[in-house]
1. When the residues of the range 154-204 are narrowed to those that are closer than 26 Å to VAL113 by Cα and of a type in the set (Gly, Ala, Ser), which ends up nearest to ligand 1 (Cβ to nearest atom)?
2. Of all residues in the range 219-245, which are surrounded by 14 or more Cβ atoms within 10 Å (Cβ to Cβ) and of a type outside the set (A, V, I, L, M, F, W, C)?
3. How many of the residues in the range 121-148 are farther than 22 Å from THR84 by Cα and within 16 Å of ligand 4 (Cβ to nearest atom)?
4. Scan the range 138-169 residue by residue and report those that are of a type outside the set (D, E, K, R), away from ligand 2 (no atom under 16 Å from the Cβ) and modelled with pLDDT of 95 or more.
5. Looking at the structure I just gave you, is ASP216 charged (D, E, K, R), away from ligand 2 (no atom under 16 Å from the Cβ), surrounded by 14 or more Cβ atoms within 10 Å (Cβ to Cβ) and closer than 30 Å to THR108 by Cβ?
6. May I ask you to list the residues in the range 133-186 that are surrounded by fewer than 16 Cβ atoms within 10 Å (Cβ to Cβ), within 21 Å of GLN45 (Cβ to Cβ) and more than 16 Å from ligand 3 (Cβ to nearest atom)?
7. Which residue out of SER92, SER51 is buried (at least 17 other Cβ atoms within 10 Å of the Cβ), among the polar types (S, T, N, Q) and more than 18 Å from GLY238 (Cα to Cα)?
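The values are calculated or read from the model by the stated rules, or taken from the named source; none is laboratory data. Every value quoted in this text rests on a predicted model; they were computed, and no experiment measured them. Methodologically, a virtual Cβ is constructed for each residue, glycine included, from the backbone with ideal geometry; neighbour enumeration extends over all protein chains shown.
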Amino acid sequence: QAKHAGRDTYRFFTGQMNTDMRARLKLEIALRQAIEKEEFVLYYQPKVELSSGRIVGMEALLRWERPGHGLVAPNAFIPTLEETGMIVKVGSWVVATACKQLAVWASTDIGQVQISVNVAGRQFLEGDLEADVRAGLSDNNISGEMLELELTESSLMANTNCTISKLRNMKQLGVQISIDDFGTGYSSLAYLRRFPVDKLKIDIAFIRNVISVPDDAAIVNAIIGLAHNLQMEVVAEGVETVAQLDYLKRHGCDQVQGYYFSRPLPATDIETMLREHKHLNLV
Ligand code: C2E
Ligand code: MG
Ligand code: MG
Ligand code: MG
């Protein structure tokens, strides 16, 4: 009896495993095709400077126009790209595409807007990000100041010596560095001081309830203070309400990003927005 049950359990487990593996494999194959057929596209979300109400930058956010599936958000496929190492190739494409977009915008009446690009851990550690950035800047004749790289705490802390030299090389190109999702990883404050980082981005998790949960407000205030004391700028992600915006303004946050201003949009919609609302009226 016990043996029988055990065997059933085992059989069920393999069956489930096969299903998961098949789904994963299918996704992997589809992603390889997506790279070849260039099914990826960048959406952009504005970053607003609180002191002026100006749109000072855009975050490039990856989307996959998967045939038969519509527009797919990154959480559904970035983990697979990371596990398989394909993220290195896709990450290079993201840097190249963002730089091309910068050149397009620079050639119009839109004016100066920085673009920030998300960099995955494996891309930073295993890829040649510096070569990608150099190529992107020189191929499109743009200066490094126009580009910002968003790295997470975990990729920065993975190999700290190597990280510092890679970041220094990037800084020599004029590129800005920010730490994304700050507060959710485990940054060593001792290293934070040694990294040539320009900006901290407060994770959406702390902004969500900043008005209603005193502990979250305390964390937000602490991150703003930490950034400023280390001569860094600070950005709040995921601002959805006027109350959040007002709080961040009163507490000295430098920039905000979130659905309150705009969802991530295709480049053409961003152009329209920039023409019409280069200065956003903040309350
Ligand atoms: P992230 O870099 O922290 O980006 C912020 C995410 O929050 C984006 O989700 C954005 O659409 C979303 N968001 C912005 N404002 C609001 C808001 O007011 N409310 C809420 N609820 N969400 C908001 P998205 O575009 O789905 O991207 C998710 C994550 O995928 C990104 O988090 C980033 O870690 C990763 N990702 C996106 N594009 C790339 C890329 O090109 N390369 C790499 N390596 N990762 C990327
Ligand atoms: Mg980001
Ligand atoms: Mg983030
Ligand atoms: Mg995130």
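1. SER178
2. Residues satisfying the conditions are ASN221, HIS228, GLU233, GLU237, GLY238, GLU240, THR241, GLN244.
3. Total satisfying the criteria: 1.
4. Initial filter on the range 138-169 (of a type outside the set (D, E, K, R)): 138, 140-144, 146-147, 149, 151-152, 154-165, 167, 169.
So of that shortlist, the ones also away from ligand 2 (no atom under 16 Å from the Cβ) come out as 138, 140-144, 146, 157-165, 167, 169.
Scanning the range 138-169 gives SER138, ASN140, ASN141, ILE142, SER143, GLY144, MET146, LEU167, ASN169.
5. Against the criterion (charged (D, E, K, R), away from ligand 2 (no atom under 16 Å from the Cβ), surrounded by 14 or more Cβ atoms within 10 Å (Cβ to Cβ) and closer than 30 Å to THR108 by Cβ), ASP216 does not qualify.
6. GLU145
7. Within the list SER92, SER51, the selection yields SER92.
Every residue, every condition in (1) over 30 Å from SER107 (Cα atoms); (2) at pLDDT 95 or above, yes or no:
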{"residue": "VAL239", "(1), (2)": "yes, yes"}
{"residue": "ALA243", "(1), (2)": "yes, yes"}
{"residue": "LEU248", "(1), (2)": "yes, yes"}
{"residue": "CYS253", "(1), (2)": "yes, yes"}
{"residue": "PRO266", "(1), (2)": "no, yes"}
{"residue": "HIS279", "(1), (2)": "no, no"}
